[in-house]
1. Which value in nm describes the separation of the simple spin-label points at LEU4 and ARG63, placed 7 Å from the Cα toward the beta carbon?
2. What is the angle, in °, between the Cα long axis of helix 21-34 and the longest principal axis of the Cα atoms in the chain? Nearest 10 is fine, range 0 to 90.
3. Jot down the radius of gyration and Dmax of the range 10-92, Cα atoms only, both in angstrom.
4. What value, in deg cm²/dmol to 500, does the helix sum -39500 (n - 2.57) over DSSP H runs of n ≥ 4 give at 222 nm once divided by the residues of the chain?
5. Given +1 on the Cβ of Lys and Arg, -1 on the Cβ of Asp and Glu, and no further charges, what dipole in debye does the chain carry about its Cα centre, rounded to the nearest 20?
6. Sorted by average packing, counted as other Cβ atoms within 10 angstrom per residue and highest first, what order do 107-113, 46-52 take?
7. Got a number for carbon plus sulfur as a percent of the chain's accessible area, 1.4 Å probe?
8. Over the chain, give the accessible area per residue in Å² for a 1.4 Å probe, as an integer.
Amino acid sequence: VEALDSGITTMLDWCHNVNGREAADAAVRGLRDSGQRTIFAYGGGNDVWAPLPNDTPLPEDLRRVRSEHFSSDDQLTTMAVCLRGPQFSSVAATRADFALARELDLPIQITVGAGRWSTRVEPVRVLQREHLLGDDVTYVHCCTLSDEELRMIADSGGGAAVSPEVEMSM
């Protein structure tokens, strides 16, 4: 109600705590039960986030969630995928995650330019080198990106999103 009162009509749940089938199903059920327009952005669980950087691709359960819960894209709750980006995962895992997301025709949210972790690599440059940039990608945070990387995003047709409360702690 607070979100609607503020003019927010759609919320994206960046759900990177999906530690198994039950957790994924419960997260989707919770969003649907809210009655709001929501996006469930599947991001894997502990296996893909620890330790960092991580070489584990997103779990295959992503396929099941897509087929069981999101057989169409015109529901009140829809699906996306949230990816760690090359500063948190290996290039091989990043490629595999993008391939799976695109195979399932899911919009991609990806962490880039997120504080000190993003100083290890230039994440957008890595994505460009791997031919992964695209208009189906929203780049989240972008705090430490160079002007050149921001131009790469714009040139690819991608979008950017910020999380002011999180960025203040970066």
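1. 3.9 nm
2. The angle comes out at about 70 degrees.
3. Answer for the range 10-92, Rg first and Dmax second: 13.0, 38 Å.
4. It comes out at -10500 deg cm²/dmol, rounded to the nearest 500.
5. On the way: 15 positive and 26 negative charges, 68 e Å.
Dipole size: approximately 320 debye.
6. Details: 107-113: 23.6, 46-52: 13.1.
Descending mean neighbour count gives 107-113, 46-52.
7. The nonpolar share, carbon plus sulfur, comes to 51 percent.
8. 51 Å²
The values are calculated or read from the model by the stated rules, or taken from the named source; none is laboratory data. This is a predicted model, so every value here is computed, not measured. Please note: Cβ atoms are built from the backbone with ideal geometry, for glycine as well, and neighbour counts cover all protein chains shown. Each accessible area value is taken on the protein alone, full model and side chains, heavy atoms only, with ligands, DNA and RNA left out. Shrake-Rupley method; radii C 1.70, N 1.55, O 1.52, S 1.80 Å.
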